[in-house]
Amino acid sequence: MARVSQEHLDARRRQILDGAARCFAHNGFHATSMQDVLKEVGLSAGAVYRYFAGKDELIEAVVAEVLEVIRGIFEEAAGQTPPPPPDVLVGAGFRDVLGGAAYSVAGEPSFLPRLMVQVWTETLRNDGLSALLREGYARVSTAWIKIVEGYQAAGMMRADIPAEHVARTMIATAQGFAAQLALFGEEVTVEALQDGLRGLMSMTEPR
């Protein structure tokens with residue numbers, strides 16, 4: 001029997017994750033069955049169960065990957081001196097994840113915002129997923145704290161406000177924008193988010 005290459009194994013795993021993510025984003029975790037995933041990816045049960053023991057394991061793999069994508073964007077920015085300002089950084093981050101091939105179907109908007117909302121909802125009942133999300137949040141928060149400290153060191157931001165408080169606020173802003181994308185679709189634009197951030201950044205003491 002010919003050996004299956006690692007490249008083939010990785011591509012098959014990618015195929016399963018992408019198909020499962022599409023199902024979860026559009027139907028929710030509870031309404032999606034493993035049979036739905038099998039139909040979406042066009043594989044046999046044996047082929048899918050070779051990689052994932054069941055739906056819960058598949059959910060955790062999808063969520064872990066989403067968190068890793070988000071963390072990577074902000075960790076890269078944290079390494080710049082100084083980091084890009086919030087309007088540029090958050091805007092570029094959203095364009096990267098919304099415009100990429102992952103979490104999208106040709107001709108349709110990215111389903112990542114819908115998937116994120118499904119993840120948040122699922123964490124309220126799934127302790128394992130909740131722990132995974134907390135761990136992912138902590139890593140994203142660490143990157144954002146470094147970004148804020150970079151702003152403060154460069155004189156771009158007040159240094160008397162705790163960096164972790166600013167980091168939490170910026171993460172909340174991104175989460176809120178993702179929720180709006182999931183709810184309202186294309187009427188919500190990244191440009192509007194950037195303009196809003198610029199407006200907040202331009203505030204001064206009243207004359």
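The values are calculated or read from the model by the stated rules, or taken from the named source; none is laboratory data. Not measured: the values here are computed from a predicted model. Cβ placement follows ideal geometry from the backbone for every residue including glycine, while neighbour counts extend to all protein chains displayed. Quick note on the areas: whole protein, heavy atoms, side chains included, nothing else; ligands and nucleic acids left out. Shrake-Rupley method; radii C 1.70, N 1.55, O 1.52, S 1.80 Å.
Which residue, of Gly99, Gly128, is free of Cβ contacts under 8 Å to residues at least 12 places away in the same chain and either over 30 Å from Ala154 (Cβ atoms) or out of contact with any strand residue (DSSP E or B) (no Cβ under 9 Å at 6 or more places or on another chain) (or both)?
Exactly one of Gly99, Gly128 is free of Cβ contacts under 8 Å to residues at least 12 places away in the same chain and either over 30 Å from Ala154 (Cβ atoms) or out of contact with any strand residue (DSSP E or B) (no Cβ under 9 Å at 6 or more places or on another chain) (or both), namely Gly99.
Of the numbered conditions (1) surrounded by fewer than 17 Cβ atoms within 10 Å (Cβ to Cβ); (2) in contact (Cβ under 8 Å) with a residue 60 or more places away in the chain; (3) closer than 14 Å to Gln175 by Cβ, Trp120 satisfies every one except a single condition; which is it?
For Trp120, the exception is condition (2).
For the range 2-49, give me each residue that is among the hydroxyl-bearing types (Ser, Thr, Tyr) and under 29 Å from Val117 (Cβ atoms).
Those that are among the hydroxyl-bearing types (Ser, Thr, Tyr) and under 29 Å from Val117 (Cβ atoms): Thr32, Ser33, Tyr49.
So Ser110 clears everything in (1) within 18 Å of Glu186 (Cα to Cα); (2) of a type in the set (S, T, N, Q); (3) crowded, with 20+ Cβ neighbours inside 10 Å except one condition, right? Which one?
(3)
Please give the number of the condition Arg125 fails out of (1) modelled with pLDDT under 95; (2) in a helix (DSSP H, G or I).
All conditions pass for Arg125, except number (2).
Looking only at residues in the range 136-158 that are free of Cβ contacts under 8 Å to residues at least 24 places away in the same chain and surrounded by 12 or more Cβ atoms within 10 Å (Cβ to Cβ), which one is nearest to Glu57 (Cα to Cα)?
Only one residue tops the list, namely Thr142.
Looking only at residues in the range 159-168 that are among the hydrophobic types (A, V, I, L, M, F, W, C) and in a helix (DSSP H, G or I), which one is most open to solvent (accessible area, probe 1.4 Å)?
Taking the range 159-168 first, the residues among the hydrophobic types (A, V, I, L, M, F, W, C) are 159, 161, 163, 166-167.
Right, trim to in a helix (DSSP H, G or I) and you get 163, 166-167.
Numbers: Ala163: 9, Val166: 26, Ala167: 0 Å².
Here the residue is Val166.
Which of the residues spanning the range 181-207 are buried (at least 16 other Cβ atoms within 10 Å of the Cβ) and of a type outside the set (Gly, Ala, Ser)? Outline the logic, then answer.
Within the range 181-207, the subset buried (at least 16 other Cβ atoms within 10 Å of the Cβ) is 181-182, 188, 190, 193-194, 197.
Scanning the range 181-207 gives Leu181, Val188, Val190, Leu193, Gln194, Leu197.
Please name all residue pairs, on different chains or six or more residues apart, with Cβ atoms under 7 Å, provided the first residue is in the range 1-27 and is under 22 Å from Ala106 (Cβ atoms) and β-branched (Val, Ile, Thr) and the second residue is in a helix (DSSP H, G or I) and at pLDDT 90 or above.
Going by the 7 Å Cβ cut-off, the qualifying pairs are Ile16/Val41; Ile16/Val48.
When you scan the range 56-66, how many residues do you find that are under 10 Å from the mean Cα position of the chain (by Cα) and either of a type outside the set (D, E, K, R) or buried (at least 20 other Cβ atoms within 10 Å of the Cβ) (or both)? Spell out the reasoning first.
If we filter the range 56-66 for residues that are under 10 Å from the mean Cα position of the chain (by Cα), which is where we start, we get 63-66.
Checking which are either of a type outside the set (D, E, K, R) or buried (at least 20 other Cβ atoms within 10 Å of the Cβ) (or both) leaves us with 63-64, 66.
Of the residues in that region, 3 qualify.
I need a count of the residues in the range 67-94 that are under 12 Å from the mean Cα position of the chain (by Cα) and open to solvent by 50 Å² or more (accessible area, probe 1.4 Å).
Total meeting the criteria: 2.
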